[in-house]
Amino acid sequence: MLFRQLFDAESNTYTYLIADPNTKEAMIVDPVLEQVERDLKLLQELGLTLRYCLETHIHADHITGSDKLRAATNCLSIVPDSSHVSCANRYVKDGEILQLGEVFIKAIATPGHTDSHYAYLLNNDRVLTGDALFIRGCGRTDFQSGNAGTLYDSVTQRLFTLPDETLVYPGHDYRGYTVSTIGEEKHWNPRFVGRSRENFIELMSALNLPNPKKMMEAVPANEHCGNVIQVT
Ligand SMILES: [Fe+2]
């Protein structure tokens, strides 16, 4: 499997490029609008054909590059089944498996950060955790129908039950981490280690984080696959 972790420094977002090296079919997970030229250049340099643009969830901190990539490559835009997006070509369901040549992508419903969030398990050895689980952290739960108790259940029952050696690739990082493992996070993630569900809910409700800078434009744009609506 060809696997590349790409970074947008403005929003601290990781975008992932995954491809089958034989069939040259590719998918991009969580593309960022401002990085579409970079992604198209890389696809071209590696001789890849983009089949899917996949979202872990509807983001509040950046605008997706999905619509622009679709216009340039004719790829399919795929989003979680319960998200309020009308422009997608396809909606993933829990347990559904997408295939790219020899690469198998299993969708795992992991709501809590938002009510329609998915993690994607790749070839059973690495998981893209989106904003459900970060390295030594997790996504916030205070807007977009977020729910701390639901996130606790998603992480402890759906992600922490994967084999310990499963590699963890998050949707964001703010401290320079790139990859972890399920075993490592079960042992060292301060949001979860030694915390009951009630205790986690308390912790999350006391975070008092400011809203993301781009929230007011990002959420409506992402509900249109990243097609920015001009407000005059
Ligand atoms: Fe998010």
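The values are calculated or read from the model by the stated rules, or taken from the named source; none is laboratory data. Predicted model, so just to flag it, every value in this text is computed and none were measured. Please note: Cβ atoms are built from the backbone with ideal geometry, for glycine as well, and neighbour counts cover all protein chains shown. For accessibility, only protein heavy atoms count, side chains too; no ligands or nucleic acids. Shrake-Rupley method; radii C 1.70, N 1.55, O 1.52, S 1.80 Å.
Would you mind stating whether TYR118 is within 16 Å of the ligand (Cβ to nearest atom) and within 24 Å of MET1 (Cα to Cα)?
So TYR118 passes the test.
Open to solvent by 10 Å² or more (accessible area, probe 1.4 Å) and within 15 Å of VAL29 (Cβ to Cβ), is that true of ARG136?
Taking the combined requirement at face value, the residue does not satisfy it.
Of all residues in the range 80-113, which are within 16 Å of the ligand (Cβ to nearest atom) and modelled with pLDDT of 95 or more?
Residues satisfying the conditions are ALA109, THR110, PRO111, GLY112, HIS113.
Does TYR120 satisfy being assigned to a strand (DSSP E or B) and in contact (Cβ under 8 Å) with a residue 12 or more places away in the chain?
yes
Give me a count of the residues in the range 121-141 that are within 10 Å of the ligand (Cβ to nearest atom) and basic (Lys, Arg).
Here the count works out to 1.
Can you name every residue in the range 210-223 that is touching a residue at least 12 places away in the same chain (Cβ under 8 Å) and closer than 23 Å to TYR118 by Cα?
ASN211, PRO212, LYS214, MET215, GLU217, ALA218, VAL219, ALA221, ASN222, GLU223
Just for strands (runs of 3 or more DSSP E) wholly inside the range 1-60: which have at least 3 residues that are crowded, with 16+ Cβ neighbours inside 10 Å and on the phi > 0 side of the Ramachandran plot?
none
Among the residues of the range 26-68 satisfying the criterion of being of a type in the set (A, V, I, L, M), under 18 Å from TYR91 (Cβ atoms) and touching a helix residue (DSSP H, G or I) at 6+ places or on another chain (Cβ under 8 Å), which is farthest from the ligand (Cβ to nearest atom)?
Of everything passing the filter in the range 26-68, ILE28 is farthest from the ligand (Cβ to nearest atom).
With a cut-off of at least 1 residues that are surrounded by fewer than 17 Cβ atoms within 10 Å (Cβ to Cβ), small (Gly, Ala, Ser) and away from the ligand (no atom under 16 Å from the Cβ), name the helices (runs of 4 or more DSSP H) lying wholly within the range 142-232.
Answer list for the range 142-232: 148-153, 182-188, 197-205.
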